[in-house]
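Colleague: To start, I am sharing the structure in question, which I have written as structure tokens.
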Amino acid sequence: MVGTILSLSANGRIIAGLLVNLFSSICIVFINKWIYVHYGFPNMTLTLVHFVVTWLGLYICQKMDIFSPKSLPIKRIVWLALSFCGFVAFTNLSLQNNSIGTYQLAKAMTTPVIILIQTTYYKKTFSTKIKLTLVPITLGVILNSYYDVRFNLLGTVFATLGVLVTSLYQVWVGAKQHELQVNSMQLLYYQAPLSSGFLLCVIPVFEPLTGDGGIFGPWSLPALVTVLFSGVVAFLVNLSIYWIIGNTSAVTYNMFGHFKFCITLVGGYVLFHDPMSLNQALGIFCTLAGILSYTHFKLAEQEEGKSRLAQRP
């Protein structure tokens, strides 16, 4: 009886964690888009708010013994912190200048670029099946972007930069976690304030300080509340990702990610009335098929590798 109650309690916590991640991951896209469309809040400043709130949230977490911080030499994570600034700022600019559909599908290009980086610079090899899944992913993104009536050059530039910097960041995060022997929360605990400092130095150069659209402009109370809420949701996204992977598995997180991908796309067309042609829908299905195939083959290879290790004497 006690075992059953504990099992139900554990399942309840997992479901709660998945729901927090689902709502926070989807909400952060829609809230940020709402802030850009209805308030015109400056992009880098919004990114800075996310970093500061994330660090404060992590500070509270470590005080509650949710994780233990590990002392890290700042000079060894400088480039990682810079890439963290770039990937969040450029993906937000992509969201600001593209439809949600194009923004979401552009993010799917992160997988092919990561594979390209790891193959070229880290001499990592991938199976033919994995490489072939990149064809429908890339083709789907091109189809969607080409037939998007809101397609624009500036949005494409930001989406491309976002993909490149995000790919570098993800590769470096994995490398740094292994090199420094830390988990994602311990790394983010140092990254967030360092990235905030970098942004504070460049924000006055790229964004006005006063007047309409300025950092200290005449913002309404609803705008400021929405921006702060966006920061809290960004922190919940980071925290829930770590919690899900730590308490379930990478398989659960990956499969759950596909569900969020579809809901975000549908939500963009419903909430912001983004037009969608038949060719765009074809591109979306093509990309989703590629992502599902990639995940299936990748996880199958990982399980096969574990089985081989287990069979070794």
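We did not get these values from a lab; they are worked out from the coordinates using the rules stated. Model, not experiment: these values are computed from the prediction. Because the Cβ atoms are built from the backbone with ideal geometry, glycine has one as well, and the counts that use them run over all protein chains shown.
Colleague: Relative contact order for region 103-228 using alpha-carbon pairs under 8 Å, separation at least 6, rounded to a whole percent?
Modeller: Worked out over region 103-228, it gives 25 percent.
Colleague: Turning to a different aspect of this structure: On average over all directions, what projected area in square nanometres does region 13-83 have, based on the convex hull of its Cα atoms?
Modeller: Averaged projected hull area, Cα only: 6.6 nm².
Colleague: For region 25-158, take the convex hull of the Cα atoms, compute a quarter of its surface area, and give me that in nm², please.
Modeller: Directional mean of the projected Cα hull area for region 25-158 stands at 11.1 nm².
Colleague: Hey, another quick one. Does region 108-147 come out rounded, prolate or oblate by the C-alpha gyration tensor, with a ≥ b ≥ c the root eigenvalues, rounded set by a/c under 1.5 and, if not, prolate when a/b is larger than b/c and oblate if not?
Modeller: It comes out oblate by the Cα gyration axes.
Colleague: At R0 = 41 Å, how high is the FRET efficiency between Ile142 and Leu19 if r is their beta carbon distance? Nearest 0.05 is fine. Could the numbers behind the result be given before it?
Modeller: Values: r = 34 Å, r/R0 = 0.83.
In this case the efficiency is close to 0.75.
Colleague: Something else now. At Leu200 and Lys131, where each label point lies 7 Å from the Cα along Cα→Cβ, what is the point-to-point distance in nanometres?
Modeller: 4.8 nm
Colleague: Same structure, new question: With the Cα gyration tensor of region 141-212 giving a ≥ b ≥ c as the square roots of its eigenvalues, does the rule (a/c under 1.5 for rounded; else a/b larger than b/c for prolate; else oblate) give rounded, prolate or oblate?
Modeller: Oblate, since a/c reaches 1.5 and b/c is not below a/b.
Colleague: Just list whichever of Lys123/Lys176; Lys33/Lys70; Lys107/Lys129; Lys33/Lys298; Lys33/Lys131; Lys33/Lys124 have alpha carbons separated by over 27 Å in the model shown.
Modeller: From Lys123/Lys176; Lys33/Lys70; Lys107/Lys129; Lys33/Lys298; Lys33/Lys131; Lys33/Lys124, over 27 Å: Lys33/Lys70; Lys33/Lys298; Lys33/Lys131; Lys33/Lys124.
Colleague: Note down the relative contact order for region 1-145 as a percent, whole number, built from C-alpha pairs under 8 angstrom at least six residues apart. Each step should come with its number before you reach the end.
Modeller: Working: 41 pairs, mean separation 32.6, N = 145.
Computed over region 1-145, the figure is 22 percent.
Colleague: Turning to a different aspect of this structure: For a Förster distance of 45 Å, can you work out the FRET efficiency between the beta-carbons of Gln302 and Leu209, rounded to the nearest 0.05?
Modeller: 0.35
Colleague: What does the charge count around Leu80 come to, taking other residues whose C-beta lies under 14 Å from its C-beta (Lys +1, Arg +1, Asp -1, Glu -1)?
Modeller: Net local charge, Leu80 excluded: +2.
Colleague: At 7 Å along the Cα-to-beta-carbon direction for both Tyr122 and Ala289, put a label point, then send me their distance in nm to one decimal.
Modeller: For Tyr122 paired with Ala289, the spin-label model returns 3.0 nm.
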